Amino acid sequence: MDALTLRRAQVKSSAIAALALATLAGCANTNEVDPLYRPAENVLEVISVLRAHISDDTYRFEPARDFTGRNVYRSSLLRLENLEQLHADALYAGHMDGVISFAKARAFERLSAFDLAVQSYQLAADQSEELRAEALASADVCDTLQSTSRMDLGLESTGDEEADLLAEQRLSELDPTTVLDEFEKRVAILDELALSVAGTHYGPIVAEEIERADLLRANYFEGIRTTRLDGDVLALSERQRVVTQHAESKNFNRHLLSLADLYADLAVSYAETHPPESLSFDPVRFRELIEGASEIYEMVARRDGTPEKLEASRRLEAFLAFAIRIDRDRFTP
């Protein structure tokens, strides 16, 4: 092989090698994960996202969500816990322990896990002198929130079917006056707390707890409405109270639907107790219940951009079908 032929072979081999490297590089770039979807690389990255949403008004608006669609407070908590496990060696020195505990406490309180928030704040106070004052102050607030959340008389749903069934059985055993007093005390404590934390990120959190207490109170009176002569009136009054007191809540449409559902249940119960063909049937009373339910359903069904819009429309259709059947039964010989 002469020198020219050898030189051409070397150039060709170099070109092929270069092309192969370029192809591999192209494949590597194609498979590279979009930075948006990469896992968090350090603690400060997670904390910066959490800090950006600490002051969000979660009473009036839905909590922010990350790119996965998950609640930003829950996702931040999970990522912090994952980083603690994956980078245990790097975090062994403990320089970030106080910051991590404090951040986890901020996430816990937004998830209504006030007991865990207190523990994390106390841990942060022990781990970081710079965060100690703020951590202890926040721990006191969360401790108050946790103590008021226990004032539910065992009526709050636990997710356990057997426990919830026992709670329902206790409804008729409790004295409504005592229950009302307990709820009044609970809200009074929260109202006082709301004044002391006004202007801080705890404002929406306390407002959510007041809303939760009012909703639990309304659920109680609706649950005992069949055991009292004035049960229907009390149940409606309490549902209307929730709607009035929390008109700015992100759950306002849900509260309206609950009120409409109660009107609908009362209408159905009235038609069952007083058959339309009987002389005891009062058309005026029945029409009041029909209009109460249908008007509220229509109100929610007109609210564009809300998930409750379609739900209200479907419930309205079903309810009007019931109302039409009752009218047909009344006037059909």
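The H on the amide N of residue 65, modeled in the peptide plane, is under 5 Å from the matching H of 72, each at least 5 residues off or on a different chain.
Sorted fewest first by neighbouring Cβ atoms within 10 angstrom, 132, 217 come out as 132, 217. Sorted fewest first by neighbouring Cβ atoms within 10 angstrom, 246, 95, 255 come out as 95, 246, 255. Our summary gives region 251-333 a relative contact order of 34 percent, counting only alpha carbon pairs under 8 angstrom and 6 or more residues apart. Among 304-311, 105-112, the peptide with the highest mean count of other Cβ atoms within 10 Å heads the list, and the full ranking is 105-112, 304-311. With neighbour counts taken as other beta-carbon atoms within 10 Å, the residues 220, 270, 121 rank, fewest first, as 270, 220, 121. I'd like to know which of 234, 252, 205 lies farthest towards the positive end of the charge dipole of region 183-299, counting +1 on Cβ of Lys and Arg and -1 on Cβ of Asp and Glu. Comparing the listed Cα positions along the dipole, 205 ranks first.
Taken together, the values in this text are just the output of simple stated rules run on the coordinates, not laboratory data. Keep in mind the model is a prediction, meaning the values are calculated, not measured. In this analysis, Cβ positions are derived from the backbone assuming ideal geometry, glycine residues included, and neighbour counts consider all displayed protein chains.
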